[in-house]
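The values are calculated or read from the model by the stated rules, or taken from the named source; none is laboratory data. Since we're looking at a predicted model, the values are computed, not measured. SASA here: full protein model, heavy atoms, side chains in, ligands and nucleic acids out. Shrake-Rupley method; radii C 1.70, N 1.55, O 1.52, S 1.80 Å.
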Amino acid sequence: MKIKLTLLAFFAVCTMTVSAQSDYKNSIGIRLGSGYYDAVAVAFKTFISQPGALEFDLGFRPYSGWAKRTNLSFSGAYQHHFPIGDIAGFKWFVGGGVVLSNTFSDVDDVDGFNAGIYPTGGVDYKLKNAPFAFSADIRPTIHIVNGSDFRGRENFYANGGVTARYTF
């Protein structure tokens, strides 16, 4: 009897663990951001545990005007996911990350390397019957290394974005 109960408990835990897994393991797509350092990015997300994921973005943002310049950035963040109610595939997340960027310009005041840190939060939704996931996030970024004057913005930048990814 004890062996049957032990086996039943084991299979129940395994079933709950499998059903609690993320709706996908990896995804790749496009992130449209509002930040100083990226307007468009290639976004890759991988779940390293049931609630934990790493997201990496390689982005750029061109500028025109008095000082033509282009920003190139790389960011990485850890995100911890939580289910939202009983909606399958819908989760919210919190976490934090770092961003490294470089501004390329012929004007010295806006040219240089930048590094920042940010907390992040948002929502993630994986379509039930299709291999696509969508997310929206906010990343208020504090630059701790500033290679340019960022036009007097005091090293703090609100950054939000939306992402569409193919899951696999």
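Just the number please: accessible area per residue for the range 31-95, 1.4 Å probe, all protein chains included, in Å².
Values: 3030 Å² over 65 residues.
Roughly 47 Å² per residue, with all protein chains present.
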Taking amide H positions as placed 1.01 Å from N in the peptide plane, with prolines and chain starts having none, which residues 5 or more places from Asn159, or on another chain, fall under 5 Å of its amide H?
Arg139, Thr141
Accessible-area composition of the range 47-168, carbon plus sulfur, in percent [1.4 Å probe]
66 percent
